[in-house]
Structure formats: structure tokens, C-alpha cells
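This report concerns only the one structure given below.
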Ligand SMILES: [Fe+2]
Ligand SMILES: [Fe+2]
């Protein structure tokens, strides 16, 4: 299926704040780059990039409605962490509003925040694109970006170590999906 990427760009531009739109543009670029490097479907990676944060600035109640609509059930940790909702909400939003129902795209968007224990290469590309896009600034961004562009599984392993460590340091709960992802990637 051909996707109208220009239409998705326009929707992101009109829906998101300037800062979030710029982040989205950067994630799309990085997702295309990583998809090409690892032989994933570039178009699907770019669709996921354009739409991954489309619900991020919606009121929480609305996010909850969208994710419930597509049958997603939150675990107790996710319930207490509204920041993890927007990827799941985007699945309901884009399938209903745009007719985008490709399960690979929806899966990559759904798990771009929490990760999960059964990630495809497309999921990994989108997850790492979000973490290493050019707008990102955090202490280890340069080595993390280099790793993401060199070795997919080791990059996911490092990303999960970083993500879980961050949750621990902030005394936050670890959702079941993140916990499973951590265990899967530590085995690499
Ligand atoms: Fe996000
Ligand atoms: Fe993002």
C-alpha cells in the first residue's frame, strides 16, 4: 500500500506544537535512515515516524478514549503513567481517522514509548529513531546515535538499560512491556 506521506506531514503540522512537529520531522528522517540501514520497509518506518507522537499533546481523557477504542488494556503501572499513553492512543486515532490499519505500523507506534518483549526490526528502528533523532539532547546522545546506526540489537540493549535505569532513578514503576523488553535485550 502506498501512503500519502505529505498528508501525514500536514496533519502533524496542524495538530502538534512547533517543537513537537520539529521533533516529528527529525524522527521521520532518522527512521528512514535506520530503515534503509537495516533493510526495513522505509515507507512504514516513515508513516510510524510521522504519527508516533500525534496524540501526545491531546488531553489525557481523549488519549484514554482512543486507546480504549482500539482494545488496549493498560497495566497498573501504565495506568499511573499517562506519558506512556500517547503511542497506544495513536493506534486508535490513525486507524479510525486515517484508515491506517497495517499491524506492523500500529505495533511500532504502540510500543515506541514502553518497548515490549516481542519487537520486530521495524519496531526497533522506530524506537531508536525516536531516541536518536537530531533534535535530541541528552548526555550520551552521540554514542547512542552511533550505536543505533551501527548495530540494532546492541543499541536496543543499551536503550533498555538506559530506560529502566532512568525509571529506577526516578522511583517510577516499570510496566510489564518494558520489563519484558529489558529481559529480552539483556540476553543479547
Ligand atoms: Fe512519543
Ligand atoms: Fe517522539
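Mind checking the full-extension length gain between residue 4 and residue 120? Use 0.36 nm per residue of separation minus the Cα-Cα distance, one decimal, nm.
That pair, residue 4 and residue 120, stretches by 39.4 nm at full extension.
Please sort 161-170, 127-136, 73-82 by packing, taking for each peptide the average over its residues of neighbouring beta carbons within 10 angstrom, highest first.
Going from most to least packed, we get 127-136, 73-82, 161-170.
Pairs of Cα atoms under 8 Å, at least six residues apart: use those to get the relative contact order of the chain, whole percent.
Over the chain, the number comes to 23 percent.
On a full-extension model of 0.36 nm per residue, what is the gain between residue 137 and residue 17, subtracting their alpha-carbon distance, rounded to one decimal in nm?
Gain on extension, residue 137 to residue 17, equals 41.3 nm.
Please work out whether region 1-154 counts as rounded, prolate or oblate from its C-alpha gyration tensor, where a ≥ b ≥ c are the square roots of the eigenvalues and a/c under 1.5 means rounded, while otherwise a/b larger than b/c means prolate and anything else oblate?
Rounded, because the longest to shortest axis ratio a/c is under 1.5.
Quickly work out the residue 176-to-residue 98 label distance, labels modelled 7 Å from Cα along the C-beta direction, and quote it in nm with one decimal.
Taking the two extended label points, one gets 2.9 nm.
Hey, fewest Cβ within 10 Å first, where do 105, 174, 141 land in order?
In order of increasing Cβ crowding within 10 Å: 141, 174, 105.
All of the numbers you see were taken from the coordinates with simple rules; none came from a lab. These numbers come from a predicted model, not from an experiment. Cβ sites come from the backbone with ideal geometry, for glycine too, and all protein chains shown count toward neighbours.
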